Amino acid sequence: NAQTDSALALEFVQFAVESGVLRFGEFKTKAGRLSPYFFNAGLFDDGAKLGRLAQFYARQLLLEEKNTGLQFDMIFGPAYKGIPLAAAVSIELARLGRNLPFAYNRKEAKDHGEGGSLVGAPVKGRVLIVDDVMSAGTAARESIAIIKAAGAIPHAVAIALDRQEKATEKGLDVNYSAVQYVTNQLGLQVCAIARLTDLLQYLAAQGDASPADQADGGSLGGHYQA
Ligand code: OMP
């Protein structure tokens with residue numbers, strides 16, 4: 001699964017830093033972990049940035065297709081942040097000649113109108129989940145459950161950034177990464193445009209030693225899992 005292309009990854013990290021999406025400081029993640037950096041995909045907040053972001057996802061997906069034979073029948077964007085991402089990636093893939101059905105969920109089920117909590121194309125076949133970041137893997141597990149409940153096959157997850165952190169089970173850290181968990185135990189292919197190691201490489205190349213020095217296993221609170 002280590003299909004990350006390092007030139008593409010470094011180009012992407014630079015784009016994220018320049019867009020203010022990737023920031024350094026002191027943050028707490030959803031899993032309650034302290035982190036010296038945070039990736040806020042909500043700050044790809046104009047049409048040009050969103051379009052460029054979609055191009056990175058599409059390039060990564062085509063690379064996975066070439067290297068691993070990745071195939072999928074439709075695209076799913078989990079609420080909320082996955083919705084514009086999956087929409088933008090769907091548009092970009094169609095532009096590249098791969099037009100596929102697209103769906104997303106709402107967080108609150110609707111009791112009138114079309115009803116249900118899924119919107120868009122029928123969720124069936126091999127589904128690609130498009131989301132922003134994987135940390136402990138909780139968001140991926142939730143999307144997988146939604147797709148299974150719809151009777152479809154969760155097949156792959158495309159993310160912009162793999163933080164390379166430990167998975168959690170019942171709220172506790174385990175000794176393998178979230179990506180390993182999703183890949184080996186849940187059977188999905190994980191496609192990340194960039195990973196923490198690419199971010200560290202980018203920082204080292206910038207000659208900005210401090211965040212890279214900080215971002216070792218220790219200051220990542222022991223959650224880093226290569
Ligand atoms: P997990 O569910 O633990 O894998 O965390 C993934 C989610 O955490 C993402 O979908 C975001 O909502 C959020 N997140 C970020 O957006 N950027 C980060 O750098 C870190 C997190 C996070 O809270 O872990």
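The values are calculated or read from the model by the stated rules, or taken from the named source; none is laboratory data. All figures in this text were calculated on a predicted structure; none of them were measured in a lab. In this analysis, Cβ positions are derived from the backbone assuming ideal geometry, glycine residues included, and neighbour counts consider all displayed protein chains.
Residues are listed down the side, and each one gets a yes or a no for (1) touching a Gly at 6+ places or on another chain (Cβ under 9 Å); (2) part of a helix (DSSP H, G or I):
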| position | (1), (2) |
| --- | --- |
| GLN14 | no, yes |
| GLY20 | no, no |
| LYS30 | no, no |
| SER35 | yes, no |
| PHE38 | yes, no |
| LEU53 | no, yes |
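Out of GLY51, GLY20, GLY42, GLY25, report the one residue that is closer than 23 Å to ARG98 by Cβ and surrounded by fewer than 17 Cβ atoms within 10 Å (Cβ to Cβ). Break it down into steps so the answer makes sense when it comes.
Working: GLY20 fails: closer than 23 Å to ARG98 by Cβ; GLY42 fails: closer than 23 Å to ARG98 by Cβ; GLY25 fails: closer than 23 Å to ARG98 by Cβ.
Every option except GLY51 fails the conditions.
Looking at region 78-86, can you tell me whether even one residue there is closer than 26 Å to GLU142 by Cα, away from the ligand (no atom under 16 Å from the Cβ) and in a loop (DSSP other than H, G, I, E, B)?
Taking every residue of region 78-86 in turn, none turns out to be closer than 26 Å to GLU142 by Cα, away from the ligand (no atom under 16 Å from the Cβ) and in a loop (DSSP other than H, G, I, E, B).
Against the condition at pLDDT 95 or above, part of a strand (DSSP E or B) and under 16 Å from SER135 (Cβ atoms), how does ALA194 come out, does it pass?
Details: at pLDDT 95 or above: yes; part of a strand (DSSP E or B): yes; under 16 Å from SER135 (Cβ atoms): yes.
Spelling it out, ALA194 is indeed at pLDDT 95 or above, part of a strand (DSSP E or B) and under 16 Å from SER135 (Cβ atoms).
In region 74-86, which residues are surrounded by 16 or more Cβ atoms within 10 Å (Cβ to Cβ), free of Cβ contacts under 8 Å to residues at least 40 places away in the same chain and closer than 17 Å to SER117 by Cβ?
ALA79, ILE83
List the strands (runs of 3 or more DSSP E) that sit entirely inside region 119-186 and contain at least 2 residues that are modelled with pLDDT under 95. Walk me through how you get there before you give the answer.
On the way: elements: 126-130, 153-162, 166-169, 172-177.
Fully inside region 119-186 and qualifying: 166-169, 172-177.
So MET134 ticks every box in (1) free of Cβ contacts under 8 Å to residues at least 24 places away in the same chain; (2) in contact with a strand residue (DSSP E or B) (Cβ under 6 Å, 6 or more places away or on another chain) but one. Which box is left unticked?
(1)
Under the condition of being within 20 Å of ILE83 (Cα to Cα) and among the small types (Gly, Ala, Ser), which residue from region 30-70 is nearest to the ligand (Cβ to nearest atom)?
Restricting to residues being within 20 Å of ILE83 (Cα to Cα) and among the small types (Gly, Ala, Ser), the top hit is ALA41.
For VAL89, state whether it is under 28 Å from LYS30 (Cβ atoms) and outside any helix (DSSP H, G or I).
no
For residues that are farther than 22 Å from GLN189 by Cα and under 16 Å from the mean Cα position of the chain (by Cα), tally how many sit in region 40-58.
Start the filter on region 40-58 by keeping residues that are farther than 22 Å from GLN189 by Cα, which leaves 40, 42-52.
Applying the additional criterion that residues be under 16 Å from the mean Cα position of the chain (by Cα) yields 40, 42-44, 50, 52.
Qualifying residue count for the region: 6.
Can you say whether GLN189 is within 12 Å of the ligand (Cβ to nearest atom) and under 23 Å from LEU62 (Cα atoms), as far as the supplied structure shows?
It is false that GLN189 is within 12 Å of the ligand (Cβ to nearest atom) and under 23 Å from LEU62 (Cα atoms).
Taking ALA145, is it over 12 Å from the mean Cα position of the chain (by Cα), within 16 Å of the ligand (Cβ to nearest atom), free of Cβ contacts under 8 Å to residues at least 24 places away in the same chain and over 21 Å from GLN55 (Cβ atoms)?
Answer is yes for this residue.
Out of PRO122, PRO154, report the one residue that is in contact with a strand residue (DSSP E or B) (Cβ under 7 Å, 6 or more places away or on another chain), away from the ligand (no atom under 11 Å from the Cβ) and free of Cβ contacts under 8 Å to residues at least 40 places away in the same chain.
PRO154
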